[in-house]
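Remarks on the structure that follows.
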Amino acid sequence: MEINLPALFGQLLIGLINGSFYALLSLGLAVIFGMLNIINFAHGAQYMMGAFVAYFLLQFAGLNYWWALIVAPVIVGGVGILIERSLLQWLYKLDHLYGLLLTFGLALIIQGLFRHQYGSSGLPYQIPPQLTGVRDLGFTFLPNYRAWVVVFSLVVCFGTWYMIEKTRLGAYLRAATENPTLVRAFGINVPRMITLTYGFGVALAALAGVMAAPIYAVNPTMGADIIIVVFAVVVIGGMGSIMGAIVTGFGLGVVEGLTKYFFPEASNTVIFVIMVIVLVTRPAGLFGRAA
Amino acid sequence: MKLLRTAILSAAMVSAGAAYGQQTVKIGVLNDMAGTYADLAGPGSVIAARMAIEDLGDLTKGWKFEVVGADHQNKPDIGSNVVRQWIDVDKVDVIVDVPTSSVALAVNEIVKEKNKAFLVSGAAASDLTGPRCSPNTVHWTYDTWALANGTGNAIVKTGGDSWFFLTADYAFGHALERDTMAVVNKNGGKVVGSVRHPFPGQDFSSFLLQAQASKAKIIGLANAGADTTNAIKQAAEFGITQKGQNLAGLLVFLTDIHGLGLKTAQGLIFTEAWYWDMNDANRAFAKRFAAANRGVHPSMVHAGVYSSVQHYVKSVIALKSATDGKAVIDHMKANKTKDALFGEGEIRKDGRKIHPMYLFEVKKPEESKGPWDYYKLRATIPANEAFRPLADGKCPLVSG
């Protein structure tokens with residue numbers, strides 16, 4: 001097979017764009033797992049809710065895409081907080097499996113409800129007028145909207161990383177996961193902090209959903225389709241590692257993009273092949289600290 | 001003990017009496033109830049099958065036609081298990097719909113082995129009446145050959161003579177690609193390349209870039225459901241149509257257009273077997289159907305389920321039995337079809353139901369009167385040209 005360099009660069013770029021969705025979603029998962037020890041299987045459903053809320057805001061409240069970027073994560077994050085308070089908080093002391101099963105069940109229920117109400121073929125959502133159009137980069141065409149997706153998710157990813165790893169708030173959070181009793185002794189309200197962290201992780205999923213709405217079909221299964229890949233990303237990066245989630249997210253997007261170019265039939269499986277190799281050689285993941 | 005025995009005996013007599021007075025026929029609607037094909041088939045097909053029996057009215061007196069539904073999740077192994085259980089345990093007499101060709105091809109074999117009947121509406125692969133044809137199967141609504149013939153011909157003849165295919169990587173996609181390539185080549189066009197994407201897919205931009213680089217005039221979408229809508233949406237985003245390349249949606253359903261919105265879908269040309277807004281009978285059906293299906297209007301698959309079930313039921317009643325699946329299918333083939341939605345037609349020896357196909361174009365937003373008013377008719381492909389000639393199918397039932 002002859003290699004066409006411009007086309008190859010084009011595929012690399014596309015990989016980077018898809019990687020930004022993986023990164024945003026796996027970031028939320030990593031935050032929730034790292035801080036709460038909950039494997040949040042409802043993450044895909046929450047991503048889907050983000051996209052649907054964006055549609056509702058436009059349809060029923062007349063709020064455009066830019067508003068949706070702010071409002072939808074707040075609404076879905078709020079739902080997340082309700083879930084944490086009413087259900088998840090009782091599971092922290094139990095095995096991971098309980099959290100996984102609960103959130104998996106929730107995901108099925110949420111998806112089922114949306115499907116019952118809105119069907120499976122999806123709802124239309126347009127690219128905001130400021131970002132329509134395509135840029136000719138010489139080697140490929142880049143839609144303005146996709147460029148925005150890459151830049152914006154990089155900003156969000158590194159903002160989150162900075163907040164958790166470099167700020168005082170992040171230090172409290174990390175301390176609270178290590179030793180909640182001690183942190184409470186310093187007068188910090190640990191349960192509230194945990195609740196807000198879950199809400200934040202869910203809001204990240206919803207944000208990714210809003211960003212996906214103009215380019216992917218907004219339908220109830222959109223989250224289920226992507227969540228398995230995202231879990232593989234988190235496992236490869238190392239469960240709970242923030243930087244691991246970001247770097248692996250973008251990296252695997254690129255690997256997948258290249259596979260789509262060289263051997264499209266394998267593009268669905270390549271990430272899982274990498275996952276197997278990583279688990280065999282480095283069970284804690286590329287960036288994970290061995291327990 | 002004696003009391004118990006009497007009770008069992010009398011219960012057995014009662015149920016035997018019921019079976020004698022009223023024959024029960026079970027109709028199993030098998031499709032994708034929750035995934036990407038759930039709107040174009042799904043629970044709507046169960047509704048359509050029930051309506052079909054309801055509308056036969058007095059004809060079904062003394063009979064009990066029971067409709068059951070199940071989800072095959074687009075997986076051949078799951079579909080096969082359901083069908084085996086339905087036939088062996090639940091005594092289902094006929095399997096209906098079964099979109100997703102890979103599942104339909106598996107079900108096709110089981111139904112033949114068990115000598116039941118199979119009425120295909122949702123699946124597309126023309127192999128079902130070709131090399132894989134079966135004396136127990138009728139392929140009702142459409143197939144890949146008819147789609148390729150309708151859309152491919154129309155596009156090549158209006159100048160779209162170089163093609164690149166984006167193909168769903170399973171039986172249906174392969175069949176649709178193969179049949180369309182044949183039409184393109186026959187009309188003097190050429191195929192410059194193709195790429196097979198995993199099913200179901202989400203992001204098609206990599207494949208679209210490859211299509212763009214191929215410089216083909218037409219990008220043929222040999223996929224369906226959310227794969228097609230995602231590809232169309234992303235092609236618009238990449239400005240592919242503005243740059244002079246055109247999309248050919250080879251299998252597009254009403255529900256897909258609804259999900260895309262007219263702004264993105266306008267101008268798309270494709271072939272279908274049935275549209276709700278073509279005549280009064282169709283409109284009346286659509287109104288009742290939508291009321292039972294949360295407002296969603298019927299696709300051609302739903303209409304096909306309705307018509308095929310009616311024709312099947314008529315044959316069962318005429319034969320006074322549904323036990324011998326092949327006999328029922330033979331009767332269906334021997335008698336002309338006639339129903340409210342597809343009018344008059346016939347079923348060929350290879351199991352192919354024959355009726356006209358229609359070439360539609362999606363309306364511009366300003367031409368549409370509201371939700372579900374999406375198509376305008378471009379051309380009617382007469383029944384005798386709409387489907388693959390009997391001799392070309394390599395169906396063993398035909399060659400003997």
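No lab work stands behind these numbers, since they all come straight from the coordinates. Bear in mind that the values here come from a model prediction, so they are computed numbers and not experimental data. Positions of Cβ are backbone-derived with ideal geometry, glycine not excepted, and every protein chain shown enters the neighbour counts.
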For segment B:79-183 (alpha-carbon point model, no solvent) the Debye-based log₁₀ I(q)/I(0) at q = 0.23, 0.24 Å⁻¹ works out to -1.14, -1.21
Per-residue Cβ contact counts at 10 Å, fewest first, order B:T229, A:T221 as A:T221, B:T229
Quick shape check on the protein assembly as shown: root eigenvalues a ≥ b ≥ c of the Cα gyration tensor, a/c under 1.5 is rounded, otherwise prolate if a/b tops b/c, else oblate, and it reads oblate
Counting only Cβ distances under 4.7 Å between cysteines, those in the protein assembly as shown with no partner are A:C157
The rounded separation in angstrom of the Cα centers of segment B:67-81 and segment A:121-195 is 40 Å
Karplus-derived 3J(HN,Hα) from phi for segment B:315-328 (6.51 cos²θ - 1.76 cosθ + 1.60, θ = phi - 60°), whole Hz, x at Gly and Pro, runs 5, 4, 5, 5, 8, 6, 6, 10, 5, 8, x, 5, 4, 5
Expected max-MSF residue from B:T158, B:T137, B:T323 in the GNM of chain B (alpha carbon, under 10 Å) is B:T158
Ranked from fewest to most other Cβ atoms within 10 Å of their own Cβ, A:D95, B:D97 fall in the order A:D95, B:D97
For segment B:204-268, the convex hull over Cα atoms projects on average to an area in nm² of 3.8 nm²
Quarter of the surface of the C-alpha convex hull for segment A:105-251, i.e. direction-averaged projected area in nm², equals 11.7 nm²
A:H116 and A:F139 label points (each 7 Å along its Cα→Cβ direction) are spaced in nm at 5.1 nm
Here the Kirkwood hydrodynamic radius of chain B, Cα-based and in Å, equals 21.6 Å
In chain A, whole DSSP H helices that both stretch 24 Å or further along their axis by alpha carbon positions and average at least -0.5 on the Kyte-Doolittle scale are A:5-36, A:65-86, A:96-118, A:144-166, A:190-212, A:242-262
With -39,500 (n - 2.57) per DSSP H segment of 4 or more residues and division by the full residue count of chain B, the 222 nm estimate, nearest 500 deg cm²/dmol, is -12500 deg cm²/dmol
Per the helix-only model, chain A has a calculated mean residue ellipticity at 222 nm (DSSP H runs of ≥4, -39500 (n - 2.57) each, divided over all residues, rounded to the nearest 500) of -23500 deg cm²/dmol
Which of B:K353, B:K243, B:K336 fluctuates most in a GNM of chain B (C-alpha springs under 10 Å)? That residue is B:K243
Within the set A:I164, A:I38, A:I242, GNM on chain A using Cα springs under 10 Å gives the largest fluctuation to A:I164
Gyration tensor on Cα atoms of segment A:180-291, a ≥ b ≥ c root eigenvalues, a/c under 1.5 rounded, else prolate if a/b beats b/c, else oblate, says oblate
